[in-house]
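Notes to accompany the following structure.
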Amino acid sequence: GGSCDRGMGRSRGGLSSKLHALVDAHGRPIGLTLTGGQVHDACEAEALIKVIPAGATLLGDKGYDSNAIREAAAARDIWANIPNRKQRFDFSPWLYK
């Protein structure tokens, strides 16, 4: 446990790990993080946003819709195109598709 878990975490199935990936428009990985299997994807998103160049667009699914992720992206001049928010944000279904 803790910060020295070496990417292993406990779940109902036993020990597991998860690879969080940030990819470019062509599906090539530009940022990778290894965590324990119990870590939610959105927890690692803020760290991976630091790899995205300023002025880019972040495409994320509904699981990444949080104020913290949107604020981290906005601080780097990155537009977060993430669907399904009760509060209205600019969203392009065409770009998301």
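Things to note:
- Annotation: amide H-H contacts under 5 Å for G31 (H modelled 1.01 Å from N, sequence separation of 5 or more, or interchain): L22.
- For V39, no residue 5 or more places off, or on another chain, has a built amide H under 5 Å of its own.
- Shape call, segment 15-73: gyration tensor on alpha carbons, a/c limit 1.5: oblate
None of the figures in this text is laboratory data; all of them are computed from the coordinates on show. Nothing here was measured: the structure is a model prediction, and the numbers come from that model.
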